[in-house]
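Notes follow the structure.
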């Protein structure tokens, strides 16, 4: 069957070239060149890797400060956390994906006053904006924490009492330079000659006040031991080294109350003080685990809906300690030093990992109001759909490093991957199947793989089907990448599958045999189509944490239902052999519409929030604004298929 055998060498050569830049392809190359035994039944992919055996997986984003509506800096880590949570769900894990909002403090009261609102009214309006955006971005969280919820307040009081009873809280006077935006006192060595905050570039205020302090210095040795003895506690390695340097310089006690701030949780031990917002908000990772009214597996639940009383013990039974806190590098000190110290004092388990991701830049410059270069995620996802936004930021930003956004890069990346590579492979194969086989599969995927592997001279060693080899290696590479919090590597591994599928089509040219070949050649060409469609199905499963809607559209086109959106998929579905002979596919429709270069991009109108756009937490003061809405109408129409459920 020359339609198959002529192709092996070319795909092997392609794998050799791709192995220089994609994870796992060196192994894929050897798979293509070396003989493999062939099964006549469904081929089970070798998906084994170092996956944790724990049945529960808890992942959190920062609790975002509600001084302004969400920006791209808060959307990026939430997308990343959602991707990692979706991957764990594919393994059947009991996932607790928590996100939420930090709603207390002086900055919130000032923002509310500027809008002529009460602090609660202000918080409610911003929280609604977060929830609506998360829905548009396909963020499937399990709990949404609000620090103004009564159950959160009760849990904070319980943890505070534990620390108080330990003797780790004392009252003292303090004076120094205070950044309202960061909600913290700054070391003078961090400031410039005019005492500007290094993050927000605004002057700090010199204050003197009497507050309650947490004796963090008491845990100096334990913190050093934690960071030195557990390389995985803070990641990536550069962040761990940074935190270790801070601790070795000597940790200092920090204030956990404010007497001049009324918008906060009152201290029961001294009602004239409110709890410092960082002591308040960090405990949200515990309060967010309190039971919901609905099942733990439901998405977009709200932690405030629980009728259960706040209890640290209850939270511990519902998924604590967290497997990973995904946070911005600008709030690393609070999560990697303050939070562990607080938990040590309260006698509670520590999170397993704190992962500090980088900042986002636009055209090489840090996003911020002063430069007028912020990016509005709401406008972006409305214009181009969630798959495009999720794919770009997960592919182009190496998780843990700073990443850049540019309009041209966004269009080029999305068009090259989702439209040209993935979409083209599926659409033209379905078109050939409909034209020549009335949309019905002429054989099963297992039969297609076995027949291709058996091609060659009688008595020769049988070879593994080249697409089976590529899928096997890249699925394993993607799983390992998701597992180690490297979604950018997972995307590259999965896209290697579509690249191989397209190359397989080009090298085998089934359209030629289907048009004028012998019966045997037409049968072989039919098996090519089935193999490519099975490859597309496997790709849809492996890419579903990144692009759930696209994966669902692929499954719909294959006549298999929604798959990624109805919760039926499991990682085991990446095994070769699910498509069966006689199965009918849907009428071919593009699964992703190209982004039009001629249409004006999302522009900035009148940004109203202050600061830059570090990705996550209180440091993230930047925000984008949607502009040119009418100019986007053409693009919205072009992207209808991309944004459709």
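We did not get these values from a lab; they are worked out from the coordinates using the rules stated. Predicted model, so just to flag it, every value in this text is computed and none were measured. Positions of Cβ are backbone-derived with ideal geometry, glycine not excepted, and every protein chain shown enters the neighbour counts.
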At 0.36 nm per residue, minus the direct Cα-Cα distance, what do residue 408 and residue 209 gain on full extension? Give it in nm, one decimal, please. 66.6 nm
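Highest mean first, what order results for 206-212, 221-227 on Cβ atoms within 10 Å? Numbers along the way, then the final one.
Working: 206-212: 13.9, 221-227: 16.3.
Ranked from most to least packed, the peptides come out as 221-227, 206-212.
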What does the highest-first list of 515-525, 319-329 look like by mean Cβ count within 10 Å? 319-329, 515-525
Check: C-alpha center segment 186-208 vs C-alpha center segment 231-273, spacing in Å is 18 Å
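Quick one: grab the alpha carbon gyration tensor of segment 56-357, order the square roots of its eigenvalues as a ≥ b ≥ c, and give me rounded if a/c is under 1.5, else prolate or oblate depending on whether a/b is larger than b/c. Working shown, then result.
On the way: a/c = 1.36, a/b = 1.21, b/c = 1.13.
It is rounded, given that a/c, with a ≥ b ≥ c, falls under 1.5.
Between residue 249 and residue 270, what is 0.36 nm times their sequence separation minus the Cα-Cα distance? Round to one decimal in nm.
On the way: separation 21, 0.36 × 21 = 7.56 nm, distance 3.24 nm.
Extra length from residue 249 to residue 270 when fully extended: 4.3 nm.
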DSSP beta bridges in segment 56-357: the antiparallel percent, rounded to 5, is 50 percent
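Shape verdict for segment 146-228, please, from the Cα gyration tensor: rounded (a/c under 1.5), prolate (a/b greater than b/c) or oblate. It would help to have the intermediate numbers written out before the result.
Working: a/c = 1.86, a/b = 1.46, b/c = 1.28.
It comes out prolate by the Cα gyration axes.
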Proxy reagent accessibility, fewest Cβ within 10 Å first, across 382, 429: 382, 429
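Which of 125, 345 has the fewest other C-beta atoms within 10 Å, and how do the rest follow up to the most? Don't jump to the answer; show the numbers that get you there.
Values: 125 14, 345 22.
In order of increasing Cβ crowding within 10 Å: 125, 345.
Please rank 568, 86, fewest neighbouring Cβ atoms within 10 Å first, as an exposure proxy.
Values: 568 12, 86 20.
So the residues, fewest neighbours to most, are 568, 86.
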